1. Evaluate the Kirkwood expression for the hydrodynamic radius of region A:108-176, namely the inverse of the mean inverse distance over all pairs of different C-alpha atoms, and round to one decimal in Å.
2. What are the ³J(HN,Hα) couplings of region A:299-310, residue after residue, when phi is run through the Karplus curve with 6.51, -1.76, 1.60 and θ = phi - 60°? Round to Hz, x for glycine and proline.
3. List every residue whose amide H lies under 5 Å from the amide H of A:VAL376, counting only residues 5 or more places away in sequence or on a different chain, with H placed 1.01 Å from N in the peptide plane.
4. In whole percent, what relative contact order does chain B give with Cα contacts below 8 Å and a gap of six or more residues?
5. Taking the Cα centre of the protein assembly as shown as the origin and placing charges on Cβ (Lys, Arg +1; Asp, Glu -1), which of A:ALA314, A:HIS350, A:GLY116 is farthest toward the positive end of the dipole?
6. Give the distance, in whole Å, between the Cα centre of region A:192-247 and the Cα centre of region B:196-258.
7. Find the centroid of the Cα atoms in region A:93-143 and in region A:545-584, then give the distance between the two in whole Å.
8. Percent of alpha carbon pairs in region B:139-285 separated by more than 25 Å?
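Bear in mind that the values in this text are calculations on the coordinates, not laboratory data. Note that the coordinates shown come from a computational prediction; the quantities given were computed from them, not determined experimentally. Glycine gets a Cβ as well: all are built from the backbone with ideal geometry, and neighbour counts include every protein chain shown.
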Amino acid sequence: MANPSPSGPILSAQNLCVESLGGKERFPVLTDLNFTLEPGKILGLVGESGAGKSMIGRTISQFLPHGFAVTKGTLKFDGEDLVGMGADRRRDLLGRDIAFIPQEPLSGLNPVLSVGQQMKEHLLRIGLQPGESWKLRALKEFEAVHLPHGAALLDKYPHQLSGGMCQRILIAMAFASRPRLLIADEPTTALDVTIQARIIKLIGEMQRRDGTAVIFITHDLRLASQISDEIMVLYAGRPAERGPAKQLFSDPAHPYTRCLQLANPNISGPRRGLFILPERMPGLRVLKELKGCRFASRCPNVMEACTQTEPPLADIGPNHIAACIRTEKTPDIVPPPLAPGREIASANIHFNGERLTKAYTTAWSPFASRSSFKAVNSVDFTLGEGEFVGIVGESGSGKSSLARLVVGLDTPTDGKITLAGRDVTANRNADKAFRRDYIQMVFQDPQSALNPRRRIGSIVTQANEATGLLNSHRERMVRAAELLKEIGLPPDAAMRFPSQLSGGQKQRVNIARALCTLPKILVADEIVSGLDVSVQAQLLDLLLKLRDEHGFSMLFISHDLSVVRYLCDRVMVMYRGEVVESGRTEAVFSKPQHDYTRSLLAAVPPDDVNSEWSPVLAEAGYQVE
Amino acid sequence: MRPLPLWLKSGRVQTGLVIIFILGICAIFAPYLAPNDPNEQNLLAILTPPAWADGGDLMFPLGTDSLGRCVLSRLIFGARVALTVAFTASVGAMIIGATLAHIAGYFGGWIDWLIGRVVEIWLSFPPVILSLILMVGLGTGLRNVVVAIILVDWTRFCRVLRSEVIVLRRRDYVSAAQLVGFSHWRTITREILPGTLPLLITLMSLEMGVAVIVEAILSFVGMSVGSETPAWGQMIADARQNIYEAPFNLIAPILAIFFAVFGFNILGDGLRRTLDTRLTQTERT
């Protein structure tokens, strides 16, 4: 079906503007978007959340939120005007010539239909060769995306499959029609790092096979630079910089690109400090009134002229443009020096876990025998005073189960837990009271971790409510103000509700609550995943600062190896409930001993765009259950 | 002046509240509002048509029944029984159902299993038959009507609330509360209950409508309050024999029941739309 025209771009935008028209006021959402995408090329769209990345995908499909409309400029798909075209023609193009891969593989598939039914529906819609059965075609497409046991897959429902497999099925569907344009909106954000590498490689492979043009939307500049031909960095709805991927990454011209790069911890070479981008991207309301450069309020190179007029997108090299009037100063932006490495001389062991094992059993019922599954299997580890220990591993490796054992939300089925010399394995009420002052947890999802019906001031001082100390409202508010100051929130935040805060601010509140009683140990479960790199850098920095003040030690669970490398003194690698490797972070990351550690490390896109990214593409773990 | 809370802005909630307010006024001030004594029999004026029809009497605005009692007065006094039953029975059913739901959902395990099975067995009895049997056992009277409705309908609360409690129980903030040393009681009342409250209020207002109907059924078969207390179900039963001569005697109490149940249901629906956190903003508007 694909009939790529030999000449001319597949997608081109000229001065494209999208505005929100809701209510009486108009707000610009996307401004001055200019780009062309040649057949077979990959354009990476990079930016923080709220930069308008996804809005571009939605503009192409004309699936804009209510009240949003294209108010200026043109958007052409292979010469056809996408904005003005009739709904019939657009419906014809979407899913056939323009394919999508969504962010959440599980919500991309219908949970009540089997994979086969959905595949059939899609294949019949895009049309089959004469005499071809949909089943054979489906199997052929599954084979192309390296899905084993294709025939068995057809009868499965999405919830029976892993996220990686669902994403492969969606990729198979997207490429089944040999589309001319593919829009991949953060296709790997919800997946594990090793699966991410495989999915990215797969998209690249399919794209080369069909000569498809791809728009790859991601928040990860490093990832985008690995797979894209060209990158466009968006800031607050306007391109900040656009250029060839490798050049843009190794020699960024716009300060924002440089800052984004420096805010992300490196995975190889000597550790460096993180560049902390202050505050947040301006909101729509602020943008409307803004005269000068959008980035001026956060830019380290800002000067008087920047705040006067919006800088134009100027050529700074072949195919390389940037919206900055002093690009020559950009390389001068350097990360702050790394905080001096601390010597963990103290042999003061806070936490000691021996042979920790946790088996989960199915729900109680008198009519069924209970089956059990070992989530954590014989794990030994210690936490010294002021020590940050990282746990890395894929989802399902038992990281979170171990965290629940450590804080005492679960009682181990076997093994021994000693807290400051006291055996608290049995987790009796007295043990719990002892534990509570000693160890606290920062939860993963700030959405679920903060009670939406409590005010921030009440949340952060929740611990006082249980102990009976500081019970009066005034005393609690005083303590809340102290805590909010420590974590860098304005004092008036105490009276707000969680829904009135941003994701990064909620995570700060989450940390403040755990710090309220000044515990000796913090357990942090994936507390920076799902946050923008700038917010992540702010939080990591905050944790280090708080350690200097309070000297707590921390068990830091993350799937992001570069973050663990930046933050932790020691690291443990978990695989299927067991610790397969542990040691000093530097040693483990530079000379990994276990195969699994090596494959985890290889799955991270390298810092240097010119070095080969060769993730281990073993198909282990992809078994149809 | 503070802006109205979101739930009070809903037209459905306002409609429901106005209806219930009118009924409440009728019930509380019944002796002042009713033109006649509801039990006074005027055998000289039986089956009088409403005042606007031929042969109507202004003394009996909605006419009289087969014993010459004023229909309007009986309707107004009937609101007392209906509303008393609606409020007390739904509060009682809510307390039992919600308590068990929170225990089952929060603790899980065998307690959850046990409560779940009791609810299932309870639900497998036809509710009207169960309440009739209870009334036969307990004897008539306002208090027993309330007890019967509570015993039949607590399961509704338990079922629906338990699943909501389970959802909230898995939120990290409940784990966080346990970690800072909250007792079970405190965790349930401070962390979980505020989350289930909107659903609880909604269910209660729907339950009031159900209670009005069940009370009408019971008084229709003479199993509710004694014949000396006017009740809407009783009025329907009385009017049945003269359905052709005086259709309005039948229509009036039916309209009253309809009006009350409609008020409670539309209030419940409006509350569900505005208080339910699971509904998105777009669905609300």
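1. Numbers: mean 1/r = 0.0845 Å⁻¹.
11.8 Å is the Kirkwood radius here.
2. After applying 6.51 cos²θ - 1.76 cosθ + 1.60, I find 7, x, 9, 5, 9, 3, 4, 5, 8, 8, 10, 5 Hz.
3. Here the answer is A:LYS358, since their amide H atoms fall under 5 Å of that of A:VAL376.
4. Details: 425 pairs, mean separation 73.2, N = 285.
Result for chain B is 26 percent.
5. A:HIS350
6. Measuring centre to centre over Cα atoms gives 68 Å.
7. Distance between centres, Cα-based: 42 Å.
8. On the way: 5172 of 10731 pairs.
Value for region B:139-285: 48 percent of Cα pairs lie more than 25 Å apart.
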